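*Asks:* Here it is: the structure, laid out below.
The values are calculated or read from the model by the stated rules, or taken from the named source; none is laboratory data. Because the structure is predicted, anything quoted here is derived from the model rather than measured. All Cβ positions, glycine included, derive from the backbone under ideal geometry; neighbour counts span all protein chains shown. Please note that ligands, DNA and RNA were not included when accessible areas were found on the heavy atoms of the full protein model with its side chains. Shrake-Rupley method; radii C 1.70, N 1.55, O 1.52, S 1.80 Å.
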Amino acid sequence: MTDDPIVYLNGEFLPISQARIPVLDRGFIYGDGVYEVIPVYRRAPFRMPHHLARLQHSLDGIRLANPMTNDAWDALVRDLCARQPFDDQSVYLQVTRGVAKRDHAFPKGVAPTVFMMSNPLALPSREQVEHGVAVVTAEDNRWLRCDLKTTSLLGNVLMRQKAADVGAVECVMFRDGHLTEASASNVLIVRAGVIVAPPKDNQILPGITYDATHEFAREAGMPMEVRAVTRDEALSADEMWLSSSTKEVLAVTTLDGKPFGGGVPGPMFRRMYQAFQQHKPAAARRA
Ligand SMILES: Cc1ncc(COP(=O)(O)O)c(C=O)c1O
């Protein structure tokens, strides 16, 4: 990897060291923007249409016009990927409400800021896949539009740090006695052979990987339910999984410092992980 990778900013490809935005950008001042993270396998974006649909949902949710058509986004993402010296990538794209005198209300006639970068895709280690990972739990105190992928991530940042402080990978959250999600992942559980996932409402991000696990479960004949999950159900589940674009699926084997699910990834996790690995290259070719 080069020390000065090529990024995209407002119509231009340039080395990241030369990319600059004004301090009055509303992304900087208010976190007034949205983003996406798209995994790229062998230079083929995975589930790009799903990511672009979610981007549109996030933009609609903050009342910001989409600066580009989906075809233009698609071409730009592929162009950015082609400029990187590595094959498996994680593309980050961000759209903010642009640069304007500081005032909470939306500015008029201001062009949005569009930024994209790509990093090597850092998938979980073999050790993490085989032995599972540690999580901590916390009360979900974020705002109630967690379905929008906004750059205002302080709630998630603080939760993730709670996990990092004790060497855990994630913080699993509960609101009003129900499982929501983790600071940068969705959470699914397994009880009595059934995968159970919280519904995609305003309290969680509609994960692209979450949807993928549903599809793969259906294909593999693994029973799955979407419904509210109580804290007790989650904490006494047979298995708990994290899902995200950069984690794929990971089993939780330590929760709040104690072994969880027998302390090893469960049989349903192994099936889902296999399904994921089998689908990856095929889906990447289709994209
Ligand atoms: C809060 C939150 N929930 C869930 C996810 C998983 O979404 P996806 O599978 O689209 O990566 C993420 C991804 O970063 C996230 O930040």
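*Asks:* Taking the Cα atoms only, what angle lies between the long axis of helix 208-220 and the longest principal axis of the chain, rounded to 10 degrees?
*Replies:* Relative to the chain, helix 208-220 is tipped by roughly 40 degrees.
*Asks:* Taking only protein heavy atoms and a 1.4 Å probe, what accessible area per residue, in Å², does the chain have with all protein chains in place?
*Replies:* Per residue, the chain has 46 Å² of solvent-accessible surface.
*Asks:* Give me the number: length gained by fully extending HIS214 to ALA228, i.e. 0.36 nm times residue separation minus the C-alpha to C-alpha distance, one decimal in nm.
*Replies:* Residue separation times 0.36 nm, minus the Cα-Cα distance, leaves 3.5 nm.
*Asks:* To continue, here is another question. In degrees, nearest 10, range 0 to 90: what is the angle between the Cα axis of helix 70-82 and the longest Cα principal axis of the chain?
*Replies:* 80 degrees
*Asks:* Taking all protein chains in place and a 1.4 Å probe, what share, in percent, of the accessible surface of region 40-168 do carbon and sulfur account for?
*Replies:* C and S fraction of accessible area: 55 percent.
*Asks:* Explain nothing, just compute: Karplus ³J(HN,Hα) = 6.51 cos²θ - 1.76 cosθ + 1.60, θ = phi - 60°, for every residue of region 124-131 in order, whole Hz, x for Gly and Pro.
*Replies:* So the J values, rounded to whole Hz, are x, 6, 4, 4, 5, 5, 6, 10.
*Asks:* What distance in nm lies between label points placed 7 Å from Cα along the C-beta direction at ASP60 and HIS131?
*Replies:* It works out to 4.5 nm between the two label points.
*Asks:* Would you pull out the residues with amide H under 5 Å of GLN89's amide H, same chain only if 5 or more places away, H placed 1.01 Å from N?
*Replies:* HN-HN under 5 Å from GLN89: VAL40, TYR41, ARG42, ARG43, LEU121.
*Asks:* While we're looking at this one, here's another question. Just going by the charge dipole of region 133-287, with Lys and Arg at +1 and Asp and Glu at -1 on Cβ, which of SER244, GLY207, GLN278 is farthest out on the positive end?
*Replies:* The residue sitting most towards the positive pole is GLN278.
*Asks:* In Å, what Kirkwood hydrodynamic radius results for region 151-237 from the alpha-carbon pair distances?
*Replies:* One decimal place: 13.7 Å for the Kirkwood radius.
*Asks:* May I pose another question? Pairs of lysine in the chain with Cα under 18 Å and at least 8 positions apart or on different chains: total?
*Replies:* Taking the Cα cut-off of 18 Å, the pair count is 4.
*Asks:* I'd like the Kirkwood hydrodynamic radius of the chain, using the inverse of the mean 1/r over distinct C-alpha pairs, in Å.
*Replies:* That comes to 19.8 Å for the chain.
*Asks:* For region 98-155, with equal point scatterers placed on the C-alpha atoms only and solvent neglected, what are the log10 I(q)/I(0) values from the Debye formula at q = 0.19, 0.21, 0.29 1/Å, to two decimals?
*Replies:* Normalising to I(0) and taking log10 leaves -1.06, -1.11, -1.15.
*Asks:* What's the local net charge at PRO39, with K and R +1, D and E -1, over the other residues with C-beta under 13 Å away?
*Replies:* +1
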